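Worksheet: one structure, shown below.
Where a number appears in this text, it was derived from the coordinates with a stated rule and is not lab data. Please read all numbers here as calculations on a predicted model, not as lab measurements. Here Cβ is always computed from backbone atoms with ideal geometry, including for glycine, and neighbour counts include all displayed protein chains.
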Amino acid sequence: MNEIKLEKKLSSKIKDNNNKINIEIPKTIPIKNFIYENKNKITLDSLKDGKRIFYNKTEISEYNENDSEFNTNFIEFRQLLFENLLLTEDLKDNSKNEKKTIESALFSTFVYDSEFIEPMINVFKLPTIIIRHEQNNYKYNRMDENGQYIKFIFPKIEYTLKWGCFHSKLMLLKFPNFLRIVVPTANLTNCDWYFWGQIIWFQDFPLKSENKKLTIEEEKENENFLNYLKNFLQTFMPHTYEGKRFWLDLNINLENYDYSNSAVDLIASANGRFNTKNNNNNFGIDRINNLIKTKYKNYNKNSNMIIQCSSIGKTIKKNFFDDFYSSFNLINNPSIEILYPTINYINSFPLGNELSSCLFLDSVAFNNHKNKFKIIELKKKYEKLKTVFHSKFFITGFKDKNGDFNINNESLLYFGSHNFSAAAWGNYEKNNTQISMSNYELGILFNSNKLNLYEKKNIFNSIILNVNSNFYKENEDEPFLNFFN
């Protein structure tokens, strides 16, 4: 799977002046007021509570700087590196005054552009680990260093699975009083953050406080989140002395943070084969299955799902559909609808063809499941934001009396790196006692026990694509086809 690296068009200048960092970027990507005009005014703290998603801003789109509600949906890469997101308490632009307080960082990425992030790391003098994909690495988790601050880890891929990749996107950003966990769909490239359409989730987790006594339920929530994050990291972090030294250099002790108020559950996939009876290794669709049977057993009795992703598996077999339906607990003749761009859509905006290299769908997969495909179109208020969407989401819901897809309190909302394929989500084997998957992936499932319907609706309504677009019409709509290597 080859994703393009466009010639860098974003000219960034980074200046260090008495610990004040000023990153100048074109005025085409402004930071404006974040005002939520539905019921409540958004506060700076509410931007960090994990109960929302954001889109990135692309250089080829037009933005209405005067529409404050419009801007609640968007965030920039550079904002994530600052404690207060380069905003004042009243949510005004503070990019020229906010001090750098970030202490260390871990990033994971499939595609990597050194020019995108390494200048910032060196100016910030930021101890950093970057986990990235390496082609044909079948032997061991390889390590490398680049200068004083940057260390690389290249996870191995199990050769018996014939194909696989490290496709996970994750950021662990350490600040003095909290750990910011970011799960974007974007890789560490200029193209990903400033040209393709992406979805970003993050939440700030505070240091544990001796003054805060957790309830039994909160303690359980904290432990479950922590253990799952650690188990995922251990699937690719080297267990050698050097590997441990890499981690110690970050000075991030995951045990020191309070995850009891997490708004999400992490959904990971890991390259390899895993026993489904081992609760520490619930990956892919088995992780979804396990959460629904235990934590969310009172949720999701819906029969519909809407999917948007950039790659559709070349050979999706019936058993994968059956396992997928079962894991998400879709009932009563379940149906899946897939949003995917047409050729006309790709040709309708600048750089459309150049940006389309992240899309993967072949004619066999499309023709086998033609009745599931819907065209991609943006909601009317976002129609000037046309780009190729590299984002991914899987949302369960129902059809209302008008035949439109909608969500209810039982809906599940997933966002992350998983595409719609067995390579990403996994295949059950040996009478469901084992699951195998080719890719490392990471996403989030919003915690239905903590979010009410109003909060779920806010998330759902912040999706800028029209989930109720038309199905592909025979002899009229043609999908953009791009074949796997």
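Assuming R0 = 60 Å, what is the FRET efficiency of Asn347 and Lys277, from their Cβ-Cβ distance, to the nearest 0.05?
0.75
Once Lys and Arg get +1 and Asp and Glu get -1 on their Cβ, which of Ile312, Ile338, Asn419 lies farthest toward the positive end of the dipole of segment 264-461?
Result: Ile338, furthest along the dipole toward the positive end.
Would you mind putting 426-439, 363-376, 104-117 in packing order, based on average other-beta-carbon counts within 10 Å, highest first?
Ranked by mean Cβ neighbours within 10 Å, highest first: 104-117, 426-439, 363-376.
Once you put a point 7 Å from the Cα of Lys297 and another 7 Å from the Cα of Lys384, both along the Cβ direction, what distance in nm separates them?
Once both label points are built, they end up 5.2 nm from each other.
Let me have the 222 nm mean residue ellipticity of the chain computed from DSSP H runs of 4+ only, each contributing -39500 (n - 2.57), with the sum over all residues rounded to the nearest 500.
About -5500 deg cm²/dmol.
Tell me the relative contact order for segment 166-313 as a rounded percent, counting alpha carbon contacts under 8 Å between residues six or more apart.
Value for segment 166-313: 18 percent.
Give the Debye-formula value of log10 I(q)/I(0) at each listed q (0.11 Å⁻¹), with one equal scatterer per alpha carbon of the chain, two decimals each.
-0.92
Over segment 77-122, what is the mean sequence separation of C-alpha contacts under 8 Å (at least six apart), divided by residue count, expressed as relative contact order in percent?
Relative contact order here is 28 percent.
Can you give me the C-alpha center-to-center distance between segment 260-320 and segment 95-150, rounded to a whole angstrom?
29 Å
Multiplying the sequence separation of Asn122 and Asp477 by 0.36 nm and subtracting their Cα-Cα distance, what value in nm do you get?
123.0 nm
Might you report the magnitude of the Cβ-based charge dipole of the chain about its Cα centre, with Lys and Arg at +1 and Asp and Glu at -1, to the nearest 20 debye?
560 debye
Students often get this wrong, so check it: of Lys92/Lys386; Lys374/Lys399; Lys41/Lys301; Lys174/Lys220, which have C-alpha atoms separated by over 21 Å?
Pairs exceeding 21 Å: Lys92/Lys386; Lys41/Lys301; Lys174/Lys220.
Report the one residue of Ile435, Tyr259, Phe471 whose Cα lies farthest in the direction of the positive end of the charge dipole of the chain (charges on C-beta: Lys and Arg +1, Asp and Glu -1; origin at the Cα centre).
Ile435
Give the relative contact order (percent, whole number) for the chain; include only Cα pairs under 8 Å separated by 6+ residues.
It comes to 17 percent, rounded to a whole number.
Report, for segment 296-433, the % of DSSP beta bridges that are antiparallel, rounded to 5.
Bridges in segment 296-433 that DSSP calls antiparallel: roughly 50 percent.
Sort 179-186, 151-158 for me by packing, meaning the mean count of neighbouring Cβ atoms within 10 Å per residue, highest on top.
So the peptides 179-186, 151-158, ranked by packing, come out 179-186, 151-158.
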